[in-house]
Amino acid sequence: MPNNNNTLFCFRCYHTWKKRKSPNPKSCPRCRSPYWNRPRKRVSKGIVLKMKDMIVGIHNKIIELSGGERGIRDDGGIYNSTYKLLNHQYRNQRRPTSIGAFALDEFAKRHYFIDGNKRTAYAIAKIFMLINKCHLKIQYREATNFILEVAKFDTKINFEEIKRWLDNQCEIIEEKDVENYLNKTFVNITLGDEENGRH
């Protein structure tokens, strides 16, 4: 497994790169922002497109590792939900479980992809909560039954119930640890350590 301490993550353009020197760089090598290690407060079209592409990439990797059919049903829907999620994050930076609940509610219920919608929703929720200093401890295999209930067409589980469930499944982490948790999550997705079946 790669050394997570040598991988950096830009909160502005969501670029990842290998750390070559110490201390940390003054700016992101891609977007050149000096605020690369601070979450963005304004949502631009470029950032929405960048995050949408990352979500599609995560979905494709999940399908590759744990099975299912690749493909997008509603590209515009992914863009719209990504825009809403980024705006929700801006308004709720001190409420990470609200952000995670929004991600699960938005992406698990809407079938934007041909397959793997719930697995993708879990990964998005986990990543966005980590960006906001909250670690979702429960693994997908243990969360499957709850997420399946959330995704049902006639589900009785509302946003507040999802949030309460997340409150019981996570822990607040220090800002200095966010980067390592994020890198570990991306590494797990890349290496398949969180392969948990097809849903």
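The values are calculated or read from the model by the stated rules, or taken from the named source; none is laboratory data. Because the structure is predicted, anything quoted here is derived from the model rather than measured. Using ideal geometry, Cβ is built from the backbone for each residue, glycine included, and neighbour counts are taken over all protein chains shown.
Numbers for the structure displayed
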read-out	value
Criterion: outside any helix (DSSP H, G or I), at pLDDT 85 or above, loosely packed, with under 14 Cβ neighbours inside 10 Å and not charged (D, E, K, R) - qualifying residue of Pro34, Pro25	Pro34
Test: residue in region 78-90 that is touching a Cys at 6+ places or on another chain (Cβ under 7 Å) and charged (D, E, K, R)	no
Failed condition for Asn87, given (1) surrounded by 14 or more Cβ atoms within 10 Å (Cβ to Cβ); (2) touching a helix residue (DSSP H, G or I) at 6+ places or on another chain (Cβ under 9 Å); (3) modelled with pLDDT under 95	(2)
Residue in region 172-190 that is at pLDDT 95 or above, in a helix (DSSP H, G or I) and surrounded by 17 or more Cβ atoms within 10 Å (Cβ to Cβ) present	no
Every residue from region 74-115 that is hydrophobic (A, V, I, L, M, F, W, C) and part of a helix (DSSP H, G or I)	Ile78, Leu85, Leu86, Ile99, Ala101, Phe102, Ala103, Leu104, Phe107, Ala108
Neighbours by Cβ (under 7 Å, 6+ apart or cross-chain): first from region 20-35, within 12 Å of Cys10 (Cα to Cα); second exposed (fewer than 11 other Cβ atoms within 10 Å of the Cβ)	Pro34/Lys26
